[in-house]
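Undergrad: Sharing a structure with you now.
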Amino acid sequence: MPLDEGFIGREYPPSDPYEVGREKIREFAEAIKDESPLYRDTEAAKAAGYPDVIAPPTFAMRLSVLAQEAVVEDEQLGLDYSRVVHGHQAFRHHRPIRAGDVLVAVAHVDDIKARAGNDFLTVRAEIGTAEGEPVCTATSTLVARGTAEEGEQA
């Protein structure tokens, strides 16, 4: 079943707050094999002008996924997640994510297109502090394979 283009422009409620911990940053940096001391050493981060260790730029994916959950779990949208592959990801950072940040993410459906029998769903996550300071804009394109009606083209 094709996705409903009437969802374009829909905004979802904020995710639950996520507290960024030093250990989570270190684990993420290890997982992506980035040895930067800015991700592990508080003194190195402070020497570079940060109040604490910072997270690698792609750490924002964790918050992006939290925001996307609201969209993909929306039964009215009708997304069959078993058919989804990740098509594209982009981040625009307003400032680095830091240890101690308490972040929330708000999902927006920016676009839905049908191409070659597939639905392309573009979701933007506005990630910010619980107090409202913008931190990162994450944009994801999810591809639902074989869900669009044949012959549909965008």
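Undergrad: Basic (Lys, Arg), under 30 Å from Val53 (Cβ atoms) and open to solvent by less than 40 Å² (accessible area, probe 1.4 Å): does that describe Arg124?
TA: Values: basic (Lys, Arg): yes; under 30 Å from Val53 (Cβ atoms): yes; open to solvent by less than 40 Å² (accessible area, probe 1.4 Å): no.
So Arg124 fails the test.
Undergrad: Note down all Cβ pairs under 6 Å where the first residue falls in region 46-71 and is under 14 Å from Thr137 (Cβ atoms) and open to solvent by less than 60 Å² (accessible area, probe 1.4 Å), the second is of a type outside the set (D, E, K, R) and in a loop (DSSP other than H, G, I, E, B), and they're at least six residues apart or on different chains.
TA: Ala67/Ser15
Undergrad: Taking the condition out of contact with any Phe, Trp or Tyr (no Cβ under 6 Å at 6 or more places or on another chain) and more than 19 Å from Ile8 (Cα to Cα), does Ala44 pass? Show your work before the answer.
TA: Working: out of contact with any Phe, Trp or Tyr (no Cβ under 6 Å at 6 or more places or on another chain): yes; more than 19 Å from Ile8 (Cα to Cα): yes.
Answer is yes for this residue.
Undergrad: For Phe91, work out the one condition from (1) open to solvent by 70 Å² or more (accessible area, probe 1.4 Å); (2) modelled with pLDDT of 95 or more; (3) hydrophobic (A, V, I, L, M, F, W, C); (4) in contact with a Ser or Thr (Cβ under 8 Å, 6 or more places away or on another chain) it doesn't fulfil.
TA: (1)
Undergrad: For a quick check of your reading of the model, give me the residue pairs whose first member lies in region 78-106 and is farther than 12 Å from Leu63 by Cβ and in contact (Cβ under 8 Å) with a residue 60 or more places away in the chain, whose second is open to solvent by 50 Å² or more (accessible area, probe 1.4 Å) and among the hydrophobic types (A, V, I, L, M, F, W, C), with beta-carbon atoms closer than 9 Å and at least 6 apart or on different chains.
TA: Partner pairs satisfying both residue conditions: Gly78/Met1; Asp80/Met1.
Undergrad: Right, another one. Give all pairs with beta carbons closer than 8 Å in which a residue from region 7-32 that is in contact (Cβ under 8 Å) with a residue 60 or more places away in the chain and closer than 22 Å to Gly132 by Cα meets a residue that is open to solvent by 70 Å² or more (accessible area, probe 1.4 Å) and part of a helix (DSSP H, G or I); count only pairs at least 6 apart in sequence or on separate chains.
TA: Ser15/Glu69; Tyr18/Arg62
The values are calculated or read from the model by the stated rules, or taken from the named source; none is laboratory data. In this text, all values refer to a predicted model and were calculated from it rather than measured experimentally. Glycine gets a Cβ as well: all are built from the backbone with ideal geometry, and neighbour counts include every protein chain shown. Heavy atoms of the whole protein, side chains included, go into the accessibility calculation; ligands, DNA and RNA do not. Shrake-Rupley method; radii C 1.70, N 1.55, O 1.52, S 1.80 Å.
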